[in-house]
Amino acid sequence: MPELPEVETIKTAVSKGIGRASIIEMIINNGRLREQVPADMPEKIKGATITSYQRIAKYMVMELSCGLDLLWHMGMSGKIKLADKMPEKLDKHDHIVIITDKGVIIYNDPRRFGLLTYCEKNKLNSCRWFNKIGIDPFDSKLTKDYLYNKLQNHSKLPIKLALLNQEIIAGIGNIYASEILYESRILPTRLAKDVTLSDCDELVKNTRKVLQKAIDAGGSTLRDYKKPDGSMGYFQQQHCVYNKTGQRCPDCKCNLAKTGGIKRSVMGGRSTFYCESLQK
Ligand SMILES: [Zn+2]
């Protein structure tokens, strides 16, 4: 599932590969995503210029000259591919194609949990996708005090689930929640009420550190933006604990035969990885 760093990478790739461009045509091959792609969208955006790209939580937002913003969420399996021109043959699951004067944007999504819609520019913050969303990890409004107060209001929630709550911080997904807690030496099961202000300081710093490292790693995988190999946004990550059950964590000096290494448990239906020796 694309997480914040992957969406940031996709946004960078599209803004570098396509950039400021005029939309010639939008083709909907299959609009049955998480929500139906609005049927009037091709008509509404035709001829508009894409003027800027930004990321809000796990959405890529493209600002258009016609007063609309495009909102794009990759869901569970969504990918964006870029091409110089319309391919002669589309791949299976290439549901949406946007042809511009600078190249072609193709949206491929086997599981169809993605979302593509539009919103009037001045209504972006109040639209139903964003009106409840918390603070972005890289927003300076995310401080230890903000996090501490939010955690006090969710006192009975395990910290892992609080980090995944998009109304507190927007954009931390399952993989990075485990990594951030590992870096902060906090057990995922610790209750929010037992997370101190100085823990919150660590959490905020490590959220940025872990996500920035992943963004940098993703950016370094981008060579040819318009190479439609479908791999954009999915890059090999070096995780410390995620998916490393039974292995020694990078900072551990403990006896693997005694501790059994990194543990896996399930919280809120999602896999969680941690080191019992280092995380308290
Ligand atoms: Zn360890």
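Laboratory data are not the source of any read-out in this text; all were calculated from the coordinates shown. All values derive from a computational prediction rather than experimental measurement. Positions of Cβ are backbone-derived with ideal geometry, glycine not excepted, and every protein chain shown enters the neighbour counts.
Which whole-number percent gives the relative contact order of the range 144-274, counting Cα pairs below 8 Å spaced six or more residues apart?
Normalised by residue count, the contact order of the range 144-274 is 25 percent.
Over 23 Å between Cα atoms, which of 11/263; 144/209; 156/280; 141/205; 58/123; 92/132 qualify?
Over 23 Å apart, Cα to Cα: 11/263; 92/132.
Starting with the highest mean, order 107-114, 262-269 by the number of other Cβ atoms within 10 Å, averaged over the residues of each peptide.
107-114, 262-269
Provide, as a two-decimal number, the C-alpha radius of gyration of the chain over 2.2 N^0.38 Å, N being how many residues it has.
Ratio of Cα Rg to 2.2 N^0.38 Å: 1.08.
Using Cα-Cα distances under 8 Å and only pairs 6 or more residues apart, what relative contact order does the chain have, in percent?
Relative contact order comes out at 19 percent.
Just for the Cα atoms in the range 144-274, what are the lengths along the principal axes, largest first, rounded to whole Å?
Over the range 144-274, Cα extents along the principal axes are 48, 40, 26 Å.
Which whole-Hz couplings ³J(HN,Hα) result when phi for each residue of the range 123-140 is put into the Karplus expression 6.51 cos²θ - 1.76 cosθ + 1.60, θ = phi - 60°, listed in order with x for Gly and Pro?
These are the phi-based 3J(HN,Hα) values: 10, 4, 5, 9, 5, 5, 7, 10, 5, 10, 6, x, 7, 5, x, 9, 7, 5 Hz.
So, by mean Cβ neighbours within 10 angstrom, what's the order for 136-146, 169-179 with the highest one leading? Present the calculation step by step, with values, prior to reporting the outcome.
Details: 136-146: 14.2, 169-179: 24.0.
Averaged packing, sorted descending, gives the order 169-179, 136-146.
Just to verify a number: FRET efficiency for residue 189 and residue 113, C-beta to C-beta distance, R0 = 25 Å, to 0.05?
My answer for the efficiency is 0.35.
With θ taken as phi - 60° and the coefficients 6.51, -1.76 and 1.60, list the Karplus ³J(HN,Hα) couplings across the range 74-81 in order, rounded to whole Hz; mark glycine and proline as x.
Computed from phi, the couplings for the range 74-81 are 8, x, 8, 9, x, 9, 10, 10 Hz.
Pop a pseudo-label 7 angstrom from the Cα along the beta-carbon direction at both residue 205 and residue 266 and give the gap in nm to one decimal.
Inter-label distance under the simple model: 3.6 nm.
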